[in-house]
Amino acid sequence: MALTVSGDVLLIIFVHGFKGTDQTFSQFPERLQHILTETVPDVSVECIVFPAYETKGDLNEAVIRFSDWLTTLTVEKEVASGGGAGRAKIVLCGHSMGGLLTADTLQEFVRGRPDANAPLWPKIIACLAFDTPYLGLNPGVFKDSATKALEYAQAARTVGTGFLGALAGFGASKATTPPPSETPPNAGGWGKWSGPATYALGGALLAGAAAGVTYYKRDDLALSFSWATDHLKYVGNLWDNAALNKRLEQLVESEEKEGIIFRNFYTFIPPTPLLNSAGRTFIVLPKKSSHVASRFILARNGLATTEVEAHTGMFAAKTNDGYYDLGLEAANAIRTAILTSRGTLVES
């Protein structure tokens with residue numbers, strides 16, 4: 001027996017991006033659900049994370065899989081609510097390449113209608129993206145990653161040289177120092193070896209630590225560079241300017257003609273005195289004079305040191321000091337979508 005639910009049934013669907021997982025969004029979905037439940041009347045909110053999927057192969061195949069999953073989910077939720085087709089209102093939230101996936105899925109449903117005047121089903125009322133490279137990745141992502149890797153390589157080389165020099169000096173000084181003639185009183189068996197063993201062990205540990213740090217940092221910092229290049233391998237059409245612009249135009253058209261709210265919240269690292277004179281972004285931004293620009297919303301992150309860190313860490317307060325503001329901005333966009341779908345939005 002279906003359980004009748006009063007008010008709107010709102011399903012907020014989260015889709016991760018390149019190499020993402022079910023944990024990509026951390027507690028962000030729960031935060032959005034709480035804000036909307038408390039601030040929007042007559043709405044039953046449920047946040048659902050699309051199960052982790054392999055981010056490789058053809059993007060169109062991923063669109064088909066997601067479309068099938070969303071169709072089945074919508075039917076189940078509408079039946080459970082006791083309403084008919086169109087009862088559930090859908091908000092698509094995609095991080096990174098997940099924003100490309102949700103945008104293309106939206107267009108599949110729009111084009112799949114019998115005619116342009118037919119109602120859209122599933123009833124998608126908003127398509128929100130989080131740091132999605134609709135116009136490609138910012139070239140600075142590669143530049144900063146390569147520069148940072150070179151800095152660490154130089155630092156590791158300096159540290160390694162220093163340790164080798166210190167160890168060489170230590171060996172020379174020990175060779176000219178005569179061994180002690182007596183063992184300290186009450187030292188026991190360990191006392192005979194404590195001095196030489198401590199120095200030798202300490203030197204080995206320090207040398208090993210230096211080598212370990214060098215190796216660790218090499219892998220750790222090369223990750224951001226390889227991450228960015230792999231990102232491009234997965235979605236080759238990031239180089240296709242015509243296709244990128246067409247996708248954006250379709251999103252704007254869907255908002256203007258269908259009332260489907262579109263926003264892209266992009267990470268922004270503020271300028272750093274003496275290091276970076278300008279703010280940094282993970283994605284390429286549209287020209288300020290473009291009609292698309294108003295849909296790109298700045299999401300400040302003063303904790304991240306690289307664009308990749310800002311991009312991957314935007315859904316946790318410990319890695320993003322703009323986390324709470326991001327939640328409020330996203331909730332406001334969804335609230336606008338709900339009121340628009342009800343026909344009760346009053347322009348200020």
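Kirkwood hydrodynamic radius of region 83-139, from the reciprocal of the average inverse Cα-Cα distance over all distinct pairs: 12.4 Å. Other residues within the sphere of radius under 13 Å centred on the Cβ of VAL43, judged by their own Cβ, net out at 0 (K and R +1, D and E -1). Shape verdict for region 44-102, please, from the Cα gyration tensor: rounded (a/c under 1.5), prolate (a/b greater than b/c) or oblate. Note, shape of region 44-102 comes out prolate.
Taking a sphere under 14 Å around the Cβ of THR319 and counting the other residues whose Cβ falls inside, with K and R at +1 and D and E at -1, yields a net charge of -2. Under a point spin-label approximation (7 Å from Cα along Cα-to-Cβ), what is the VAL79-GLU256 distance to one decimal in nm? The two pseudo-label positions are separated by 4.0 nm. Working note: Debye formula, equal point scatterers on the alpha-carbon atoms of region 18-142, no solvent; log10 I(q)/I(0) at q = 0.13, 0.21 Å⁻¹ is -0.60, -1.43.
Considering only Cα atoms, the convex hull volume of region 6-51 works out to 59 Å³ per residue. In terms of the mean number of neighbouring beta-carbon atoms within 10 Å, the peptides 243-255, 101-113 order highest first as 101-113, 243-255. Can you give the local net charge around ASP8? Use residues other than it whose beta-carbon is closer than 9 angstrom to its beta-carbon, Lys and Arg +1, Asp and Glu -1. Here the count lands on +2.
Laboratory data are not the source of any read-out in this text; all were calculated from the coordinates shown. Treat the numbers as computed from the prediction; the structure is a model and nothing was measured. Note that we place each Cβ from the backbone using ideal geometry, even for glycine, and neighbour counts take in every protein chain shown.
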